[in-house]
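One structure is given below, encoded as structure tokens.
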Amino acid sequence: MLIPLAQPPRRHGATGVGQLLRAVLTVSCVAVLFGSAWAADLAETEELFRTGKYAACERAAAGEIASGADAARWWVLKGRAEAALGKYEAAGKTLDEARARFPGDLALHLLAHEMYRAGGREKEAAAALAAVERRVEARAAATPAEMVALGRHLLATGADAKDVLDRYFTPVVRKTPDHLDAHYAVAELALAKHDRALAAEALQKAPKEAHRDPRYHVLLARAFAGDDRARTAKAVADALAINPRHADALLLRADALVNAEDFAAAETALAAVLGVDPGEPRAWAVRAAVAHLRADAAGEAAARDKAFARRPDDPQVDHLIGRTLSRFYRFREGAAYQRKALEKDAKYLSAKAQLCLDLLRLGDEVEGWKLAAEVSAIDGYDVVAHNLVSLRDHLANFRTIAADGLLLRMDEKEADLYGPRALAVLRRAKRVLGEKYGVALDRPVTVEVFPRKQDFAVRTFGMPGADGYLGVCFGPVVTVSSPAAQGKDPANWEAVLWHELCHTITLHKTRNKMPRWLSEGISVYEESLENPGWGHWMTPRFREMTTGDGLTPLSKLSSVFINAKSSVEVQFAYYESALAVEFLVTRYGLDALKATLDDLGAGLPVNEALERRTGAPSAKLDGEFAAFARDRAKATAPEATWEKLDVPDAADSTAVRAWLEKHPKNFWGRQRLGAQLVREEKWAEAEAALRGLRSLYPEYVGEDNAYELLAATYRKTGKPTEEAAVLEEWAGRDGAATVAHQRLIELGEAAGDWPAAARNARRWLAVNPLTPAPHRALARAAERLKERDEAVAARRAVLRFGVPDAADVRYRLALLLEQGGQRDQARREVLRALEDAPRSREAHELLLRLAGPATPPAPEKAP
Ligand SMILES: [Zn+2]
């Protein structure tokens with residue numbers, strides 16, 4: 001590619017032919033490798049490099065140089081090919097030669113700096129940079145290639161990234177959008193600062209020819225990593241289709257496979273990298289991390305030594321090992337590796353940022369926040385550091401409620417509304433699950449509840465995003481997304497806390513050495529033991545996946561989360577993992593499961609531990625579990641059939657009945673019939689149809705479930721007892737069915753069934769404590785039940801919303817306080833009530849009473 005020279009930026013000195021020549025020479029040195037207007041053999045040689053035929057590329061370039069080549073591009077190609085093969089000494093020599101020959105070429109010096117550095121020649125690397133500096137001083141940058149090279153140089157010497165972006169890269173992209181390397185430079189800078197959105201944008205704007213370059217696809221993969229696994233995998237595959245030996249692409253593939261705990265396949269990718277360059281330090285670092293995960297200390301040490309062979313002070317190696325371990329929740333070991341990286345280079349920001357995340361996840365907040373501030377001060381553009389620092393500012397306003405080795409941190413208002421309730425759930429979970437699994441936590445557990453989705457994501461992942469997560473447990477640190485962050489149908493937060501605390505227990509027991517499926521499986525399983533309305537139920541889709549080919553064998557569950565391609569598959573991964581735990585406990589006993597956890601803690605791989613503790617070979621366990629899961633699926637709605645419902649949306653009940661004649665047990669048809677009869681207000685027929693629907697598939701609590709429709713029918717036909725009964729059943733099966741809770745409160749109040757009203761107010765609060773209605777309901781019921789403390793708390797909660805009837809609420813609160821003998825507090829509340837409603841007669845009476853000597857409490861007045 002040639003640079004358009006029509007409007008070169010202003011510069012001193014050179015003009016005309018000299019300028020053209022310099023531009024050509026300069027651009028040659030950056031990795032712009034195709035579309036040459038020069039000789040065909042240069043293009044062919046570039047093609048060899050691009051497609052990974054490095055040895056042939058090196059030979060061709062060397063031949064050309066020997067026969068008198070005069071373009072720096074040949075040296076660049078030769079040097080790059082040598083480096084790709086791990087021959088850094090040769091690459092260094094090639095660049096020595098090139099620099100002597102083309103001393104005015106900025107980019108060439110920079111490339112030399114890169115090669116010397118990777119090859120462990122620190123002194124020469126520094127000299128090459130100094131050479132660039134001298135050139136820079138001697139003349140202003142002008143051509144696009146020079147601008148980009150200069151920007152890269154400034155970055156390498158620690159200049160402000162934002163400044164480099166604005167002054168060097170962005171102007172080139174704007175003026176010469178065909179200059180591919182400028183797009184790469186922007187994307188690389190953005191990725192280094194964790195700004196993946198900008199990286200993706202820069203790559204999208206790159207010229208079409210980029211699609212032929214494996215490097216483009218690798219950068220794209222990195223930009224998608226973390227958000228979009230399918231696109232990442234595709235980009236990696238695209239890179240490898242062009243160049244199957246591309247080290248960066250192979251390393252990305254290995255990384256994904258390691259994450260999926262598919263160590264054997266990861267090893268194949270690593271072997272491919274090392275087949276091209278036997279000394280590639282990143283490949284050896286990943287090997288060391290995998291050896292660590294396999295509890296192979298000798299293998300780990302040997303691989304790490306190899307990783308340092310080329311450049312003994314490379315901070316990248318320990319950083320990579322640690323980062324990989326942290327992905328497996330080995331934060332302590334990960335943090336230790338980041339510290340080692342920082343010993344080699346105290347300024348290595350990637351290690352500092354990762355150490356910061358590790359420490360925050362370990363609950364070591366003092367040092368963690370200090371590092372966040374440090375990274376952000378050094379590098380104002382790093383997105384992770386910036387996010388963390390603003391998160392810390394938000395957290396400063398949180399309140400901490402502590403008890404029993406638990407530190408619960410919540411937004412002030414949320415703490416007032418449900419802090420004590422949340423703490424009670426956590427204390428109970430800690431006690432019940434700790435006893436059950438034989439775990440005594442030896443350090444406090446921090447639980448942080450975030451009303452802002454972004455803060456939750458940043459605290460959890462260092463990045464905004466994190467859609468679909470309700471809570472995350474790192475062991476001693478739990479992060480939870482509050483109902484405020486969840487939109488209009490929040491999940492049951494009590495279930496979330498129970499689930500996360502269960503992770504804390506099992507992670508502690510295994511010293512964080514457990515596969516995700518087992519950790520999730522136990523947490524979901526324990527949720528449903530604690531409350532059948534928590535956890536997951538067998539939906540029609542889960543049933544279909546279980547009876548069909550959606551089930552993953554027990555021995556392969558380690559990859560089930562990472563391989564899930566849709567949110568349904570992720571949900572099913574949770575469901576299946578819980579089913580696997582239930583199977584293990586049912587068939588082999590809780591003790592076998594607990595002993596398996598102990599083995600994991602001792603470093604055994606999960607399938608080995610399971611075989612040891614169940615006494616059954618893996619294949620047998622796989623077979624038994626598959627049978628267990630299928631039996632469960634078959635026992636769910638056993639009579640129902642599942643043909644696709646084939647009637648128009650607008651069909652009336654007669655049409656649906658006609659279809660059902662041919663499919664009498666079809667669940668979808670019966671569901672539609674029940675819903676349609678309710679719509680047509682044919683109550684007697686609706687009741688019969690819906691009772692049938694309920695007994696066909698009693699577990700179904702999804703949209704248009706029999707309970708909801710039946711309750712509507714009973715409501716319309718004036719059968720409150722029956723209505724309450726079906727709603728109770730629904731609420732028992734679905735912990736987040738707030739529609740049922742609300743109606744049950746009304747029915748309970750109307751019938752004077754105050755225990756039912758209180759129970760359902762509490763259930764509603766377990767889903768959404770952020771509206772006054774459930775607090776009001778609880779206050780009313782608790783007053784009747786003489787649960788004074790609960791009533792006081794509920795009245796106070798109502799006041800927290802700034803309700804228009806605050807005076808009345810305060811008056812009632814004052815009455816409760818008076819009854820409890822808290823006369824001073826009662827007086828305060830009644831005085832405040834009178835501020836808002838100075839003419840309230842009953843408030844004046846109460847005030848008079850409170851002013852006089854203590855008398856037996858007055859009987860409560862009716863509202
Ligand atoms: Zn979980």
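The values are calculated or read from the model by the stated rules, or taken from the named source; none is laboratory data. The structure presented is a predicted model; accordingly, all values stated were derived computationally and were not measured. Using ideal geometry, Cβ is built from the backbone for each residue, glycine included, and neighbour counts are taken over all protein chains shown. Heavy atoms of the whole protein, side chains included, go into the accessibility calculation; ligands, DNA and RNA do not. Shrake-Rupley method; radii C 1.70, N 1.55, O 1.52, S 1.80 Å.
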Next item on the list: Quick one: in the stretch 293-303, of everything that is modelled with pLDDT of 95 or more and not charged (D, E, K, R), which residue is nearest to Ala249 (Cα to Cα)?
Entry: Ala303
Notebook entry, point to check: Exactly one of (1) within 16 Å of the ligand (Cβ to nearest atom); (2) open to solvent by less than 10 Å² (accessible area, probe 1.4 Å); (3) over 25 Å from the mean Cα position of the chain (by Cα); (4) aliphatic (A, V, I, L, M) is unmet by Leu529. Its number?
Noted result: (2)
Margin query: Being among the aliphatic types (A, V, I, L, M), assigned to a helix (DSSP H, G or I) and away from the ligand (no atom under 13 Å from the Cβ) is the requirement here; does Ala440 meet it?
Written below: no
Note to self: Among (1) touching a His at 6+ places or on another chain (Cβ under 9 Å); (2) in a loop (DSSP other than H, G, I, E, B), there is one condition Trp764 misses while meeting the rest; what is its number?
What the structure shows: (2)
Notebook entry, point to check: Counting only residues that are farther than 20 Å from Ala626 by Cβ and either within 16 Å of the ligand (Cβ to nearest atom) or buried (at least 21 other Cβ atoms within 10 Å of the Cβ) (or both), how many does the stretch 574-599 have?
Noted result: 1
Note to self: Is it the case, given these coordinates, that Ala602 is of a type in the set (A, V, I, L, M) and open to solvent by 10 Å² or more (accessible area, probe 1.4 Å)?
What the structure shows: yes
Item checked: Lone qualifier among Arg361, Arg332 - being within 21 Å of Leu600 (Cβ to Cβ) and open to solvent by less than 50 Å² (accessible area, probe 1.4 Å) -> Arg361
Next item on the list: Consider only pairs whose beta carbons are under 6 Å apart and that are at least six residues apart or on different chains; among these, list those whose first residue lies in the stretch 74-86 and is without any contact (Cβ under 8 Å) to a residue 24 or more places away in the chain and whose second residue is part of a helix (DSSP H, G or I).
Entry: Lys78/Glu58; Lys78/Ala61; Lys78/Ala62; Lys78/Thr94
Notebook entry, point to check: Of all residues in the stretch 444-476, which are aromatic (Phe, Trp, Tyr) and over 15 Å from Arg327 (Cα atoms)?
Noted result: Phe450, Phe456, Tyr469
Note to self: Of the residues Asp808, Asp824, only one is surrounded by fewer than 17 Cβ atoms within 10 Å (Cβ to Cβ) and outside any loop (DSSP other than H, G, I, E, B); which?
What the structure shows: Asp824
Notebook entry, point to check: Out of all the residues in the stretch 699-719, which are touching a residue at least 12 places away in the same chain (Cβ under 8 Å), within 17 Å of Thr738 (Cα to Cα) and not in a helix (DSSP H, G or I)?
Noted result: Tyr700, Val701, Gly702, Asp704, Asn705
Item checked: Hits in the stretch 448-459 (condition: open to solvent by 10 Å² or more (accessible area, probe 1.4 Å) and either closer than 24 Å to Trp764 by Cβ or within 16 Å of the ligand (Cβ to nearest atom) (or both)) -> Pro451, Arg452, Lys453
Margin query: Please go through the stretch 613-658 and give me each residue that is of a type outside the set (D, E, K, R) and touching a strand residue (DSSP E or B) at 6+ places or on another chain (Cβ under 8 Å), ordered by number.
Written below: Ala640, Thr641, Trp642, Leu645
Item checked: Options Asp393, Asp416; residue that is free of Cβ contacts under 8 Å to residues at least 60 places away in the same chain, open to solvent by 50 Å² or more (accessible area, probe 1.4 Å) and either more than 16 Å from the ligand (Cβ to nearest atom) or not aromatic (Phe, Trp, Tyr) (or both) -> Asp393
Note to self: If I filter the stretch 492-509 down to residues being surrounded by fewer than 23 Cβ atoms within 10 Å (Cβ to Cβ) and away from the ligand (no atom under 12 Å from the Cβ), which single residue comes out as nearest to the chain's Cα centre (by Cα)?
What the structure shows: His508
Note to self: Being among the hydroxyl-bearing types (Ser, Thr, Tyr) and surrounded by 15 or more Cβ atoms within 10 Å (Cβ to Cβ) is the filter here; which residues of the stretch 544-573 pass it?
What the structure shows: Thr546, Thr547, Thr552, Ser555, Ser558, Ser559
Next item on the list: Among the residues of the stretch 460-488, count how many are part of a helix (DSSP H, G or I) and more than 16 Å from the ligand (Cβ to nearest atom).
Entry: 3
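Let's see how each residue does on (1) on the phi < 0 side of the Ramachandran plot; (2) free of Cβ contacts under 8 Å to residues at least 12 places away in the same chain; (3) surrounded by fewer than 17 Cβ atoms within 10 Å (Cβ to Cβ):
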residue	(1), (2), (3)
Arg630	yes, no, yes
Pro638	yes, yes, yes
Leu645	yes, no, no
Pro648	yes, yes, yes
Arg672	yes, no, no
Check: Just one of Glu746, Glu728, Glu723 is under 25 Å from Ala684 (Cα atoms), without any contact (Cβ under 8 Å) to a residue 40 or more places away in the chain, of a type in the set (D, E, K, R) and open to solvent by 70 Å² or more (accessible area, probe 1.4 Å); which is it?
Finding: Glu746
Check: Is one or more of the residues making up the stretch 515-522 without any contact (Cβ under 8 Å) to a residue 12 or more places away in the chain and either within 13 Å of the ligand (Cβ to nearest atom) or out of contact with any Gly (no Cβ under 8 Å at 6 or more places or on another chain) (or both)?
Finding: no
Notebook entry, point to check: Taking the stretch 518-573 only, how many residues are among the hydroxyl-bearing types (Ser, Thr, Tyr) and within 19 Å of Val432 (Cα to Cα)?
Noted result: 4
Next item on the list: Return the total of residues in the stretch 532-543 being more than 16 Å from the ligand (Cβ to nearest atom) and either more than 24 Å from the chain's Cα centre (by Cα) or open to solvent by 30 Å² or more (accessible area, probe 1.4 Å) (or both).
Entry: 8
